[in-house]
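Note sheet for the following structure.
The values are calculated or read from the model by the stated rules, or taken from the named source; none is laboratory data. Predicted, not measured: the structure shown is a model, and the values here were computed from it. With ideal geometry, Cβ positions are generated from the backbone for all residues, glycine too; neighbour counts draw on all protein chains shown.
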Amino acid sequence: MRFIGIDPGIVETAIVIVEQGGTVLRIKTFLGGSDKDEPRGSRLTPRRLRQITGPALEELRPSLSPMTVVAIEEPFVGPNWSTALKTHGVFAVLADVLQEAVDAGRLRRLLVVAPSTVKRFVGAKKKGTIAREVFKRWKFESDDHNVVDAYAIAMWARQECRD
């Protein structure tokens with residue numbers, strides 16, 4: 001079995017694929033464009049949404065199989081509603097395509113995980129300490145916090161499917 005962890009976002013989406021034993025098979029990040037580059041109040045158009053999600057979906061398609069479980073982190077809704085809604089758009093497109101793959105038998109299972117669940121799973125007290133806890137637990141590290149989150153999400157899916 002393979003487990004894919006996805007940390008979706010409008011700035012960056014990270015994907016980490018691990019095998020049953022926990023070995024990392026692939027790490028990939030996709031830049032969606034920085035909020036700082038966008039005019040304040042800009043909307044997430046369908047064209048922009050396709051630009052953000054398209055490369056991630058193309059990366060995922062060859063890895064989908066009836067022996068693959070995908071876990072995706074649902075967006076955190078914080079004080080910046082504009083960013084939260086855009087991130088929800090990216091999440092919704094990815095989750096919808098992946099659910100279609102489950103329904104068609106091309107994917108074993110799709111799991112959605114809350115950020116607070118990932119934090120508790122790795123033993124972090126706050127978001128900023130996830131990387132440290134992931135390193136302590138699995139000796140996995142990356143300079144990119146999105147990659148670390150995607151790895152933790154994949155490992156959470158691995159644990160969920162053991163039970």
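At a glance:
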{"item": "Answer from VAL113, VAL97, VAL102 - the residue that is closer than 19 Å to VAL70 by Cβ and out of contact with any Leu (no Cβ under 9 Å at 6 or more places or on another chain)", "result": "VAL113"}
{"item": "Single residue of segment 1-31 satisfying the filter (among the hydroxyl-bearing types (Ser, Thr, Tyr) and assigned to a strand (DSSP E or B)) that is surrounded by the fewest Cβ atoms within 10 Å (Cβ to Cβ)", "result": "THR29"}
{"item": "Members of segment 57-72 that are assigned to a strand (DSSP E or B) and farther than 13 Å from MET1 by Cβ", "result": "ILE72"}
{"item": "Segment 32-49, subset surrounded by 12 or more Cβ atoms within 10 Å (Cβ to Cβ) and modelled with pLDDT of 75 or more, residue nearest to ALA101 (Cα to Cα)", "result": "LEU49"}
{"item": "Criterion (surrounded by 15 or more Cβ atoms within 10 Å (Cβ to Cβ), of a type in the set (Phe, Trp, Tyr), within 17 Å of ILE10 (Cα to Cα) and under 15 Å from the mean Cα position of the chain (by Cα)) met by exactly one of PHE91, PHE76", "result": "PHE91"}
{"item": "Number of the exception - ALA56 against (1) out of contact with any helix residue (DSSP H, G or I) (no Cβ under 8 Å at 6 or more places or on another chain); (2) at pLDDT below 95; (3) under 20 Å from LEU31 (Cα atoms)", "result": "(1)"}
{"item": "Neighbours by Cβ (under 6 Å, 6+ apart or cross-chain): first from segment 97-111, closer than 16 Å to GLY5 by Cβ; second assigned to a strand (DSSP E or B)", "result": "LEU98/VAL70; LEU98/LEU110; LEU107/THR68; ARG108/THR68; ARG108/VAL69; ARG109/VAL69; LEU110/VAL70; LEU111/ALA71"}
{"item": "Pair list, Cβ under 9 Å, 6 or more apart: segment 53-71 residue under 24 Å from ALA114 (Cα atoms) and surrounded by 15 or more Cβ atoms within 10 Å (Cβ to Cβ), other residue acidic (Asp, Glu) and modelled with pLDDT of 90 or more", "result": "VAL69/GLU160; ALA71/GLU160"}
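One line per residue, one yes/no per condition, for (1) among the acidic types (Asp, Glu); (2) in contact with a Pro (Cβ under 8 Å, 6 or more places away or on another chain):
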{"site": "THR45", "(1), (2)": "no, no"}
{"site": "ARG50", "(1), (2)": "no, no"}
{"site": "LEU60", "(1), (2)": "no, no"}
{"site": "MET67", "(1), (2)": "no, no"}
{"site": "VAL77", "(1), (2)": "no, no"}
{"site": "PHE91", "(1), (2)": "no, yes"}
{"site": "ASP96", "(1), (2)": "yes, no"}
